[in-house]
Each structure stands twice: as C-alpha cells, then as structure tokens.
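Chemist: Mind having a look at this structure? Questions to follow.
Please treat every number below as a calculation from the coordinates, not as lab data. Nothing here was measured: the structure is a model prediction, and the numbers come from that model. With ideal geometry, Cβ positions are generated from the backbone for all residues, glycine too; neighbour counts draw on all protein chains shown.
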Amino acid sequence: MLSPAGQAEMREFYDLAFKQARHYLARITGGDIALTEDLIQEVMLSVAKDLARGRSPKHDGGWITVVARNRFLNHVRSSARTDAREQASVDRSSWPPPGAEERLLSTEGARELLATLPIDQRAAVALRHLEGYSTAEIAA
C-alpha cells in the first residue's frame, strides 16, 4: 500500500506520463488498443511498485518511454514461442493482405498493415522505423 505522499507522487507522475506512454505504446503496437491498454497498465503498475519500494520515478518523458518499450519487448519475447508455433501452420500465400498494394500508405493504412503482422515482426518494424534502431541492434 502506498503512503499518502507516495499516492500523491504517483498521481502527479501518472498525470504527466500516462498520455505520453499511451501514445508511444499505441504507435509501437500498430494501434492494437487491447495490447496498448494491457501494456500501459503494466507500466503504471511498475511505477507504483517502485514508489512502494521508496524509489521515485523520474519525471521526464524519456524514462517512461524506456519503461514502456521494455514492457512491449517483454511481451514480444514472451509471445514469440507461441507465434512461432502458429506461424508454422499459417498459409503465407495470402500475404500481403488483399488490396494492400492499392492502399495509400497513410498513417491509418500503415497501422492496419502493421496489425496484420505477427507481434515479433511488428516489433522489428516499429523499432527500426519508429525508434531508429539498427538491424543488428534489433536482432540482438
């Protein structure tokens, strides 16, 4: 249970960081609302646990972005084995999705196409093109 001071600090941090972390997660999840909501809850729970342990969160956008990215990557890693098994049985003859070539690559079109990728491939695309990581860094 958080002390009253910890609760006030958490509320302040929440107000400052929630919107930024949610926006960031929505981008790297390809607009997957359910996954974004699950991850933002994990991020904020992590912050609450830090406060309960007496650690104060850094009140800058960079720290919350790193926490959010790490939660996303943990999700990708944990689901990779399941995805690999499912991919082995998926028929790839229907890729890209019908009509994808004609679709303008607007922001919404890009989100729709990203949402069709398996989570590990979506993560690689997001980390490369949104975060600017090199291919070697992503592979590691």
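Chemist: In nm, to one decimal, how far is the modelled label at V125 from the one at S78, with both set 7 Å along Cα→Cβ?
Modeler: Using points 7 Å along Cα→Cβ, the separation is 2.4 nm.
Chemist: Continuing with this model, one more query. Below 13 angstrom from the Cβ of L73, what's the summed charge of the other residues (Lys, Arg +1; Asp, Glu -1)? Before the final figure, lay out the partial values.
Modeler: Numbers: positive: R69, R71, R77, R122; negative: E42, D120, E131, E137.
Computed value for this residue: 0.
Chemist: Here's a follow-up. So between W63 and E108, what do we pick up on full extension, going 0.36 nm a residue minus the alpha carbon distance? Before the final figure, lay out each step's value.
Modeler: Working: separation 45, 0.36 × 45 = 16.20 nm, distance 2.76 nm.
Gain on stretching W63 to E108: 13.4 nm.
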